[in-house]
Structure formats: structure tokens, C-alpha cells
Amino acid sequence: QQQVKQSPQSLIVQKGGISIINCAYENTAFDYFPWYQQFPGKGPALLIAIRPDVSEKKEGRFTISFNKSAKQFSLHIMDSQPGDSATYFCAAMTGGFKTIFGAGTRLFVKA
Amino acid sequence: EAGVAQSPRYKIIEKRQSVAFWCNPISGHATLYWYQQILGQGPKLLIQFQNNGVVDDSQLPKDRFSAERLKGVDSTLKIQPAKLEDSAVYLCASSLLNTQYFGPGTRLTVL
């Protein structure tokens, strides 16, 4: 019940294309859903986040879509660039700030 | 603003030896987290502090792992004795509210 399932495990996209990463959760106590970006040798860094009372949030080329009834959310990266090549983690957080991370998606954007 | 500092960045030890990691969070951040990130997986929470009190240590292997956060600022994570399966990156993060800021991590190799 505490798991966050993330797919795909890896993704290859052409430059300018759309990258889509999906996540699903079970625990309805989660009330904050961040996405983190991690480059090799670095710690994860917050990319964008959403609360369950909002169905979509957009920041620049990054959009989160949230489906509360299906308990699913996804990250869309528009106009993907080689600099976006990294590992992306979805996460779910409870009110006590405990965070459960997905397994990660390794994105490679081909120039 | 200075980020989360961790040391050492790399550590190689033999099994059954002891090791300690240090973390200095962002000034003013009350919540401090230690995560274990095994290669190819998402970060797994080991322990969460609120000031100098433990909020969650349910996934900390207490027979070999210990952590403390004296004076509610710096924190140390210790492993004694280490096992081969402890090879991972140990990430420290701190937060004021929902957003966690991660340090660069300590890569531990147990031989």
C-alpha cells in the first residue's frame, strides 16, 4: 500500500519529442506528488509537484497530469532536449512529510 | 544559499568494518532525512528527524544502522558492521515544508 509504481524503466526519445513517464499509487493518504530529476553523481532535485485537488500543473516544458480517481499521475516533457537526459523519480508524500519514491525512469534524449 | 553538505563523497570498506557518514542540512531546515539508494532504484527512506527527534525509522536496520542528530542540526549515520548488501549511495536531504533538498550523497562500496 505504500508503494509507488513507476513506468517505463527506461525511455529513449528523439530531440523535440514528448517524454511521458507514468506513476500509480495505492495509499489515499498521500497528499503531495513531486517529481525529482537526478543527474549522475548528484542528488535528486525537485522538478515540479502537484496536490491531488488539481488535475494538471504546467511549468515551462514540464507538465504533471493527475487522475485522482485512478490514483495515477504522469510527467510530460514537451520538446525534449538532450540536456533533459537524466533519471526521473515520481514520489508521493504524506502530511508528515514522509516520502515514497518510485523506482525511477532513465530518460535518454537523442540529438 | 548553501546546499546540503555530505561527507565523505566516497568510501570503500571491507565487510564487517564500520563506517560513518556526516550531513549538514540547509540552515533553518527542521526536517532531515537519510535515504539509501541502491543502483538502479529509487531512494528508500532510512530515518527522518524533526529537529533532533526521530519521526520515522521504521525501515532502518537497527541491528547495524544508527543515526543521530544532536542539537537538531548536523546528523551522522553509522553502519556497524557493514554487509555487502549495504553498498549503495547514502543521501541526506533536508526540508522546511514539502520540498526536500538533497545533498550529493556518499557512495559506499563494501568489499
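The values are calculated or read from the model by the stated rules, or taken from the named source; none is laboratory data. Remember, it's a predicted structure, so these values are computed and weren't measured experimentally. When we count neighbours, we look across all protein chains shown, and the Cβ atoms used for this are built from the backbone with ideal geometry, even at glycine. Keep in mind that these areas ignore ligands, DNA and RNA; they rest on the heavy atoms of the full protein, side chains included. Shrake-Rupley method; radii C 1.70, N 1.55, O 1.52, S 1.80 Å.
Looking only at residues that are closer than 21 Å to A:Gly96 by Cβ and over 14 Å from the mean Cα position of the chain (by Cα) in the stretch B:25-36, which one is surrounded by the fewest Cβ atoms within 10 Å (Cβ to Cβ)? Walk me through how you get there before you give the answer.
Of the stretch B:25-36, the ones closer than 21 Å to A:Gly96 by Cβ are B:25-26, B:28-36.
Restricting the remaining residues to those that are over 14 Å from the mean Cα position of the chain (by Cα) gives B:26, B:28-30.
Working: B:Ile26: 17, B:Gly28: 9, B:His29: 18, B:Ala30: 15.
If we take residues in the stretch B:25-36 being closer than 21 Å to A:Gly96 by Cβ and over 14 Å from the mean Cα position of the chain (by Cα), then B:Gly28 is surrounded by the fewest Cβ atoms within 10 Å (Cβ to Cβ).
If a residue must be basic (Lys, Arg) and under 15 Å from A:Phe73 (Cβ atoms), how many such residues does the stretch A:1-26 contain? Steps first, please.
Initial filter on the stretch A:1-26 (basic (Lys, Arg)): A:5, A:15.
Filter once more, so that each one left must be under 15 Å from A:Phe73 (Cβ atoms): A:5.
So the answer is 1.
Tell me the strands (runs of 3 or more DSSP E) entirely within chain A that contain at least 2 residues that are touching a residue at least 60 places away in the same chain (Cβ under 8 Å) and touching a Phe, Trp or Tyr at 6+ places or on another chain (Cβ under 9 Å). Step through it out loud before you land on a result.
Values: elements: A:4-7, A:10-14, A:19-25, A:33-38, A:45-50, A:56-59, A:62-67, A:72-77, A:86-93, A:99-101, A:105-110.
In chain A, A:4-7, A:10-14, A:19-25, A:33-38, A:86-93, A:99-101, A:105-110 are the strands (runs of 3 or more DSSP E) which contain 2 or more residues that are touching a residue at least 60 places away in the same chain (Cβ under 8 Å) and touching a Phe, Trp or Tyr at 6+ places or on another chain (Cβ under 9 Å).
In the stretch A:10-56, which residues are within 17 Å of A:Gly83 (Cα to Cα) and open to solvent by 60 Å² or more (accessible area, probe 1.4 Å)?
A:Ser10, A:Ile12, A:Gln14, A:Lys15, A:Ile18, A:Ile20, A:Phe39, A:Pro40, A:Lys42, A:Leu46, listed by residue number.
Limited to the stretch B:86-104, what total is found for residues that are over 30 Å from B:Lys15 (Cβ atoms), part of a loop (DSSP other than H, G, I, E, B) and more than 9 Å from every other protein chain (Cβ to nearest Cβ)?
So in the stretch B:86-104, the residues over 30 Å from B:Lys15 (Cβ atoms) come out as B:94-101.
Narrowing the set further to residues that are part of a loop (DSSP other than H, G, I, E, B) leaves B:96-99.
From the residues that got through so far, the ones that are more than 9 Å from every other protein chain (Cβ to nearest Cβ) too are B:96.
Looking only at that region, the number is 1.
So which residues in the stretch B:37-85 are under 17 Å from B:Ile13 (Cα atoms) and buried (at least 16 other Cβ atoms within 10 Å of the Cβ), if there are any at all? Steps first, please.
Taking the stretch B:37-85 and keeping what is under 17 Å from B:Ile13 (Cα atoms), we get B:38, B:64-65, B:77-85.
Result: B:Phe65, B:Leu77, B:Ile79, B:Ala82.
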